[in-house]
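Beneath this line is the structure, given in structure tokens, with notes to follow.
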Amino acid sequence: MNSWKQILPAPVQDLARALYYPLYRILVRLWCLAHRVGDLRARSDDPDLPLPPPFLRFKVGGTPSPKVFLETGRECASTLSRLLDDLGPSLQSEAPLDVLDFGCGSGRTLIWLARRFPAHRYHGADTDTEAIAWSRDNLSFGRFLANRPEPPLPFPAATFDLIYAVSVFTHLEWSAQKTWLAELARLVKSDGTLILTVHGETVWSQFSPEKQERIRQEGTVTFRSRKLQGIFPDWYQTTCHTEEFVTRACSRHFQSVSYLREGMGYLDVVACREPYSDP
């Protein structure tokens with residue numbers, strides 16, 4: 001069956017987008033407003049599970065649903081724990097670890113890690129100043145900073161035992177990926193681990209044949225859309241990778257790189273260890 005993009009002439013497609021995108025952004029705001037009204041009923045009774053405002057929940061999960069926010073964070077934390085039991089450093093470690101959630105948003109994953117492994121030292125960084133302000137006010141277990149869209153981060157080299165970036169490299173163009181990969185490699189301890197998620201073939205195999213071929217040829221492709229203009233910054237788009245490209249890119253900075261297809265739900269996981277001393 002042909003999609004509407006194959007059936008409609010290009011000018012009609014452009015007009016449809018021009019009408020639909022602003023309407024969608026208005027509907028998102030109304031959707032979040034409705035959830036704000038219902039938050040008192042939906043909020044968890046557990047005081048250790050503070051719930052960020054609906055718009056912050058939407059920005060990290062595509063929905064303001066409290067249930068989705070909490071369950072997705074718990075699943076991400078559980079997956080990280082399982083991966084690190086095999087890769088190291090295990091979060092079961094009795095020695096406190098220094099952990100950085102790069103692109104932490106409003107702490108969706110960190111909340112669950114801190115509940116399960118309270119002895120570690122948790123840090124979060126994100127360009128979303130509103131999410132960072134909320135995290136500072138509500139998540140007492142961690143230290144949070146608002147970073148610029150480009151490196152560096154204000155930490156000395158080899159600071160962290162674990163850095164993870166869930167749904168970050170899925171939205172950066174290659175020029176930004178390249179600079180942030182070097183910066184995160186700088187911050188990982190010699191026996192530490194960097195974990196990234198990417199849109200791998202599980203995601204882009206559903207695209208048109210033309211887009212699939214472009215991804216295979218270029219290795220990483222960023223597809224731009226105005227749909228979420230004003231909700232996310234302009235550099236935040238949708239990026240896909242081939243396994244070969246991302247493995248090769250990470251191997252420039254790390255001696256050991258593992259690629260796990262669908263390692264975190266529909267996202268592929270790239271686990272990097274043993275950073276070169278001069279990445």
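Points to keep in mind about this one:
- Selection within the range 153-163 - closer than 12 Å to Phe102 by Cα and in a loop (DSSP other than H, G, I, E, B): Leu153
- Single condition Ala10 does not satisfy, out of (1) open to solvent by 70 Å² or more (accessible area, probe 1.4 Å); (2) modelled with pLDDT under 90: (1)
Matching residues to (1) at pLDDT 95 or above; (2) surrounded by 13 or more Cβ atoms within 10 Å (Cβ to Cβ); (3) more than 30 Å from Ala157 (Cβ to Cβ):
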site: Lys189; (1), (2), (3): yes, yes, no
site: Phe223; (1), (2), (3): yes, yes, yes
site: Leu228; (1), (2), (3): no, yes, yes
site: Glu244; (1), (2), (3): yes, no, no
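- Residues located in the range 226-249, provided they are touching a residue at least 24 places away in the same chain (Cβ under 8 Å), closer than 30 Å to Phe55 by Cα, not basic (Lys, Arg) and not in a strand (DSSP E or B): Leu228, Gly230, Ile231, Pro233, Trp235, Tyr236, Gln237
- In the set (1) open to solvent by 60 Å² or more (accessible area, probe 1.4 Å); (2) within 18 Å of the chain's Cα centre (by Cα), the condition left unmet by Glu213 is number (2).
- Inclusion of Thr238 among residues that are at pLDDT 95 or above, under 21 Å from Ser208 (Cα atoms), surrounded by 19 or more Cβ atoms within 10 Å (Cβ to Cβ) and hydroxyl-bearing (Ser, Thr, Tyr) is not warranted.
- Conditions (1) touching a residue at least 60 places away in the same chain (Cβ under 8 Å); (2) assigned to a helix (DSSP H, G or I); (3) surrounded by fewer than 16 Cβ atoms within 10 Å (Cβ to Cβ); (4) touching a Phe, Trp or Tyr at 6+ places or on another chain (Cβ under 9 Å): number failed by Lys178: (4)
- Scanning the range 165-175 for residues that are hydroxyl-bearing (Ser, Thr, Tyr) and assigned to a loop (DSSP other than H, G, I, E, B) gives Ser167, Thr170.
- Of all residues in the range 131-175, those satisfying the criterion of being under 19 Å from Phe254 (Cα atoms) and among the polar types (S, T, N, Q) are Thr159, Ser175.
- Of the candidates Ala119, Ala133, Ala114, Ala95, the single residue that is of a type in the set (A, V, I, L, M), open to solvent by 30 Å² or more (accessible area, probe 1.4 Å), in a helix (DSSP H, G or I) and farther than 23 Å from Tyr266 by Cβ is Ala133.
- Members of the range 247-263 found to be out of contact with any Asp or Glu (no Cβ under 8 Å at 6 or more places or on another chain) and open to solvent by less than 90 Å² (accessible area, probe 1.4 Å), listed by number: Thr247, Ala249, Cys250, Ser251, His253, Val257, Ser258, Gly263
- All positions within the range 207-225 that are assigned to a helix (DSSP H, G or I) and farther than 28 Å from Phe58 by Cβ: Pro209, Glu210, Gln212, Glu213, Arg214, Arg216, Gln217, Glu218
- Test: residue in the range 141-151 that is surrounded by fewer than 23 Cβ atoms within 10 Å (Cβ to Cβ) and farther than 27 Å from Phe55 by Cβ: yes
- Selection within the range 250-269: residues that are assigned to a strand (DSSP E or B) and of a type in the set (Gly, Ala, Ser). The member of this set that is farthest from Thr202 (Cα to Cα) is Ser256.
- Residues of the range 191-206 satisfying the condition of being open to solvent by less than 60 Å² (accessible area, probe 1.4 Å) and either outside any helix (DSSP H, G or I) or of a type in the set (Val, Ile, Thr) (or both): Gly192, Thr193, Leu194, Ile195, Leu196, Thr197, Val198, His199, Gly200, Thr202, Val203, Ser205
The values are calculated or read from the model by the stated rules, or taken from the named source; none is laboratory data. All of these numbers come straight from a predicted model, not from anything done at the bench. Every residue, glycine as well, gets a Cβ built from its backbone with ideal geometry; the counts of neighbours run over all protein chains shown. All accessible areas refer to the heavy atoms of the entire protein, side chains included, with ligands and DNA or RNA removed. Shrake-Rupley method; radii C 1.70, N 1.55, O 1.52, S 1.80 Å.
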